[in-house]
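No value in this document is a laboratory result; all are computed from the given coordinates. This one's a predicted model, so the numbers in the text were calculated from it and none came from an experiment. No Cβ is skipped: glycine too gets one built from the backbone with ideal geometry, and neighbour counts run over all protein chains shown.
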Amino acid sequence: MYEGVVQDLIDELGHLPGVGPKSAQRIAFHILQSDPVDVRRLVLALNEVVEKVRFCVVCGNVSADEKCRICADARRDGTVLCVVEESKDVVAIEKTREFRGRYHVLGGAISPIEGVGPDDLRVKELVTRLASGEVTEIILATDPNLEGEATATYLARLLKPMGLKVTRLASGLPVGGDLEYADELTLGRAFEGRRLLDV
């Protein structure tokens, strides 16, 4: 335990996801040893994020404006909607440059263990968006883990009666991976999602 403000800083850093007590201590001492100008820049960036960043009123993605740049882009395909858990997933998909539709950010995944149910996510907003009839396909791009699978299953059951084409991102083996290190679920999915080779 350290004294006063140093311990307060360590405690606050320890609340960040993925930052344990030792990492929090290491980051705190890095900040203490940094040039005061660099620390002020960090504080300014944190303050600006709190003051200026909001969530898009349409899709729930992080945005500096009322609508995010994707929702404001008229060139995007409004008939295809990709449902993701978090804003970071939008960034990951955008990096592929394969998807030209729009997004819906749920704000998490169903997790009974953590007390997160469908009412805690942006599911009602999703159903409201679909009421216009513009969307014809929903791509469920939730994480390939228990929570993501539970969320995808829940959404598929909710949305199929609406007459929409509901698809799920394919999952399987990573490029450069070895079969012997793949878990059973991943290997099973790779077999399910196999495709014909055009030679």
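Please figure out what share of the DSSP beta bridges in region 74-168 is antiparallel and state it in percent, rounded to the nearest 5.
Counting only bridges with both partners in region 74-168, antiparallel ones make up about 5 percent.
To the nearest 10 degrees, how steep is helix 87-96 against the longest Cα principal axis of the chain, on a 0 to 90 scale?
60
(1) 215; (2) 158; (3) 144: which one is volume of the Cα convex hull per residue in Å³ as calculated from this entry?
Among (1) 215; (2) 158; (3) 144, the one derived from this structure is (1).
Which listed residue (47, 31, 18) has the Cα farthest towards the positive end of the charge dipole for region 4-52, taking +1 on Lys and Arg C-beta and -1 on Asp and Glu C-beta about the Cα centre?
Of the listed residues, the answer is 18.
So what is the relative contact order of the chain, in percent, for Cα pairs below 8 Å that sit 6 or more residues apart?
Working: 218 pairs, mean separation 24.6, N = 199.
Averaging sequence separation for qualifying contacts and normalising by length gives 12 percent for the chain.
Find the percent of Cα-Cα distances in region 4-52 that exceed 17 Å, and round it to a whole number.
41
Can you sort 93, 138 by how many other beta carbons sit within 10 Å, fewest first?
The most exposed by this proxy come first: 93, 138.
Among DSSP beta bridges lying fully in the chain, give the percent that are antiparallel, nearest 5.
20
Taking the chain as the reference, fit the longest principal axis to its C-alpha atoms, fit the long axis of helix 21-33 to the helix C-alpha atoms, and give the angle between the two in degrees, 0 to 90, nearest 10.
60
Using 7 Å Cα-to-Cβ label points, what is the residue 66/residue 145 separation (nm, one decimal)?
So the two model labels end up 3.6 nm from each other.
When Lys and Arg each count +1 and Asp and Glu each count -1, what net charge do the other residues less than 13 Å away from residue 160, Cβ to Cβ, add up to?
+2
Cα centroid distance between region 72-113 and region 42-60, in Å?
19
Determine which lysines satisfy two conditions relative to residue 52: a Cα distance under 25 Å, and not lying fewer than 8 residues away in the same chain.
Result set, ordered by chain and number: 67, 88, 95.
Can you tell me the FRET efficiency between residue 132 and residue 34 if r is taken as the Cβ-Cβ distance and R0 is 35 Å, rounded to the nearest 0.05?
Efficiency computed from Cβ-Cβ geometry: 0.10.
Starting from the 7 Å offset along Cα-to-Cβ, what nm value, one decimal, do you get for the label separation of residue 170 and residue 23?
So the two model labels end up 3.3 nm from each other.
Using the alpha-carbon atoms, what tilt in degrees (0 to 90, nearest 10) does helix 4-14 show relative to the longest principal axis of the chain?
Tilt of helix 4-14: around 10 degrees.
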